[in-house]
Amino acid sequence: MLVLARNQLASADELAYGHDDVQVRILTIDAEAVVQATVNSVPDGVDDIRVIAEEGMQIDGATVHVVPDDFDCKARHKGRALEWARRNVSSSREFVLYLDEDTIVQEFQGLPDADVVQITEMPLYTGSWLSYLSETFRIGYQVEQRAFGQFTYPLYAWGGGIAIRKSLEDTITWDAETITEDTNFVWRAAQAGDLDFQVLNLKFRNQAPPSLRGLLRQRRRWFAGTQHSSNLLPRKYRFLLGFRLIAWALSPLIPVLSVLLFLFPQYVPQPLFYQLGSLAMFFVLFVITLVGVRVYIRYERAPLLAVPLTPMLVVLNTAGALWGWISPVETFAVTEKIAPEPETVPPETIEE
């Protein structure tokens, strides 16, 4: 990653498209208060904001579109709503910027000239310290996304937001059966031709899962959806992704295995080499956490707690993947979102 990611972030000098070239689309079921906070955080220069909802709602500053119950296509769940909006919500803008319903937009000035622009994220605390600190570790790991522009097939696409060139969206469509829509779309786009994928490092704020159960279910869905769509990849990418998925799923078992092999070194062919190598790899986990802490440190100090808790956070961050491997999920489950309360920090203060 250190080699491939050099100079791969899109900088402010590389922004070829401004606010008036972007239509924002926010997908939700019926989280009105959460969506309103997201709309409030979008810069004033972006004057075309659409909310794609399953139920009617009133949102100031945005046009609400309700997906009809009788709309049918190959895509299901969130993908169905994306495909309905692609067909029925008109746009003359160059890009569609997709935001999750709980996203707080920060420092957005425009987009580089690319087919797909992944915008990085930095989750907010929503009630579970362990879930929030687990996100610190994940954000450290997700720095690898900066290298994905060097790949023919980015290994995944998820984050604070994703901007897609409208002409590419109409060519590829969202009409595919999957529960990880962003990654599936990017892989099909790469399959169709030369995909220009860039990463914009703005750190949009979204909500960490408010409970450990929500965290585990989210990771389970990510794992199962990515695995289900892996047939889109050519063989060498499928091998790389498969190796990563197995390592991800088995991560919760590695501490147990490590303890057993340290207690019974006679089962290791070269025990000294194994012990030194294990300690070195164990140290790498702390490095990943420190990378995540470095992302956060400009804004909040609490993620420093993640450093001493790294071994536990690694298990929590990956247990959902093991669950997804043993029992793959086939339906989309929305992660619970926390509506803004009067005593919480409003979006404009977070931005400041």
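The values are calculated or read from the model by the stated rules, or taken from the named source; none is laboratory data. Quick caveat: nothing in here was measured; it's all calculated off a predicted structure. As a convention, Cβ positions derive from the backbone with ideal geometry for all residues, glycine included, and neighbour counts pool all protein chains shown. These accessible areas exclude ligands, DNA and RNA; they are computed on the full protein's heavy atoms, side chains included. Shrake-Rupley method; radii C 1.70, N 1.55, O 1.52, S 1.80 Å.
Other residues with beta-carbon under 14 Å from the beta-carbon of Ala5 carry, at +1 per Lys or Arg and -1 per Asp or Glu, a net charge of +1. Across the chain the C-alpha pair distances fall into 20 Å bins from zero in the proportions 29, 60, 11, 1 percent.
Shape descriptor for segment 238-326: Rg over Rh equals 1.04 (Cα atoms; Rh from the Kirkwood inverse mean 1/r). Candidates His77, Ala5, Ile172 compared by Cα position along the dipole of segment 2-209: farthest toward the positive end lies Ala5, with charges placed on Cβ.
With the charge dipole of segment 71-226 set up from +1 on Lys and Arg Cβ and -1 on Asp and Glu Cβ about the Cα centre, the Cα lying farthest toward the positive end among the listed residues Thr136, Tyr98, Tyr156 is that of Thr136. Just checking the listed ones, Leu195, Leu285, Leu253: in the Gaussian network model of the chain with Cα springs under 10 Å, the one fluctuating most is Leu253.
Shape class of segment 2-209 from the Cα gyration tensor (axes a ≥ b ≥ c, square roots of the eigenvalues): rounded, since a/c falls below 1.5.
Explain nothing, just the number: dipole magnitude of the chain about its Cα centre with +1 on each Lys and Arg Cβ and -1 on each Asp and Glu Cβ, in debye rounded to the nearest 20.
The calculated dipole for the chain is roughly 1980 debye.
Computed from backbone phi, the HN-Hα couplings of segment 312-326 come to 5, 5, 4, 5, 5, 5, 10, 4, x, 5, 4, 4, x, 6, 6 Hz, rounded to whole numbers (Karplus: 6.51 cos²θ - 1.76 cosθ + 1.60, θ = phi - 60°; Gly and Pro given as x). When Lys and Arg each count +1 and Asp and Glu each count -1, what net charge do the other residues less than 14 Å away from Gln118, Cβ to Cβ, add up to? Computed value for this residue: -4. Axis angle, to the nearest 10 degrees, between helix 181-192 and the longest C-alpha principal axis of the chain: 90 degrees. Once each of the trypsin sites (Lys or Arg not before Pro) sitting in a DSSP loop with at most 10 other beta-carbon atoms within 10 Å is removed, the chain keeps 1-297 as its longest stretch. Sequentially through segment 216-223, phi angles give Karplus couplings (6.51, -1.76, 1.60; θ = phi - 60°) of 5, 5, 5, 5, 4, 5, 4, 5 Hz, Gly and Pro residues having no value and appearing as x. The portion of the accessible surface of segment 192-232 made up by carbon and sulfur, rounded to a whole percent, is 43 (1.4 Å probe; DNA, RNA and ligands excluded). Leaving out ligands, DNA and RNA, what percent of the accessible area of segment 238-326 is carbon and sulfur, probe 1.4 Å? Solvent-exposed carbon and sulfur of segment 238-326 make up 79 percent of the total.
With a cut-off of 10 Å between beta carbons, the residues surrounding Ile139 carry a summed charge of +1, where Lys and Arg count +1 and Asp and Glu -1. Angle of helix 235-250 to the longest C-alpha principal axis of the chain, folded into 0 to 90 degrees and rounded to 10: 70°. Averaged per residue, the chain has 48 square angstrom of accessible surface, using a 1.4 angstrom probe with ligands and nucleic acids left out. The C-alpha atoms of the chain define a longest principal axis, and helix 254-263 lies at about 10 degrees to it. Under 5 Å between amide hydrogens, built in the peptide plane, is the criterion, and for Tyr98 it picks out Arg25, Ile162, Ala163, Ile164 among residues at least 5 positions away or on other chains.
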